[in-house]
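Working notes, beginning with the structure itself.
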Amino acid sequence: MILSHMEQYQSGLDGIFQALADPTRRAVIGRLGRGPASISELAEPFEMALPSFMKHIHVLERSGCIITRKDGRVRTCAIETAALAIVGDWLSAQRALWEGRTDRLEQFLAEATDPKETPR
């Protein structure tokens, strides 16, 4: 079955939000915001076994939030800005939608409480 563009977009968003739902993964993204890093550098601040940490890396990689590259025995991770741009676009659209709604509500309330209006 071929997914429509909107379904693919929504599926991508779901995966990104799922990946970012975990504080460890958000911390990894935060660190990668300063530049690429090796797996061992990324794992250093966390008190967990490397195989457990690698599960976080795999989730981030599958979601498209990061890319990894292997040079010899060292695997380096880098942030994938395109995936995060999708989230930014979605958040901007949501912000515009809700700002429009609150603006209309504010206008409605201002008109409903206008003291110049006379009761009928």
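Every number here is computed from the coordinates shown, using simple stated rules; none is lab data. Owing to the predicted nature of the structure, the values given are computational and were not obtained by experimental measurement. Positions of Cβ are backbone-derived with ideal geometry, glycine not excepted, and every protein chain shown enters the neighbour counts.
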Rounded to whole Hz, the Karplus (6.51, -1.76, 1.60) HN-Hα couplings of the range 34-50, x for glycine and proline
8, x, x, 8, 6, 4, 5, 5, 5, 6, 3, x, 9, 8, 8, 5, 4
Just to confirm a number: summing +1 for Lys and Arg and -1 for Asp and Glu over residues other than T81 whose beta-carbon lies under 14 angstrom from that of T81, what do you get?
-1
Mind checking the full-extension length gain between L105 and D71? Use 0.36 nm per residue of separation minus the Cα-Cα distance, one decimal, nm.
6.6 nm
Using unit Cβ charges (K, R positive; D, E negative) and no other charged atoms, how large, in debye to the nearest 20, is the dipole of the chain about its Cα centre?
460
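How large is the translational diffusion coefficient of the range 28-91 in µm² per second when you combine the Kirkwood radius over alpha carbon pairs with Stokes-Einstein at 20 °C and 1.002 mPa s? Before the final figure, lay out the partial values.
On the way: Rh = 12.2 Å.
In µm²/s, the coefficient rounds to 175.
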Top mean-square fluctuation among S63, S92, S38, Gaussian network model of the chain, C-alpha springs under 10 Å?
S92
